[in-house]
Amino acid sequence: MKGSKTFHRVPCDVFQEEIYANQDLIDPTGEFALRVSQIIDNNVVLLDIGRVRLAEMETWGIRPLSVY
């Protein structure tokens, strides 16, 4: 944990596709929403943002209609 944010560090080989910094990820069960914070060596640092919070985020004045 860093302040009030929860970060997870996982190996890059967990992912089947290429990932990028600031990419949002939702797990197959739909319970977790994560943002790729950093890619360091062979590890990915993920910020746990939560699915509800992801749906409420706004970028450049655009809000998602649904998160799936």
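Each value in this text was obtained by applying a stated rule to the coordinates, not by laboratory testing. Everything quoted here is computed from the prediction, not taken from an experiment. Cβ sites come from the backbone with ideal geometry, for glycine too, and all protein chains shown count toward neighbours.
Numerical summary
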| read-out | value |
| --- | --- |
| Length-normalised contact order for segment 6-56 - Cα pairs under 8 Å, 6+ apart - percent | 39 |
| Sequence of 17, 31 once ranked by neighbouring C-beta atoms within 10 Å, starting from the fewest | 17, 31 |
| Ascending count of other beta-carbon atoms within 10 Å, so fewest first, for 40, 19, 49 | 40, 19, 49 |
| Label point distance in nm, residue 42-residue 9, each placed 7 Å from Cα along Cα→Cβ | 1.4 |
| Sorted by Cβ density within 10 Å, fewest first, the residues 41, 27 | 41, 27 |
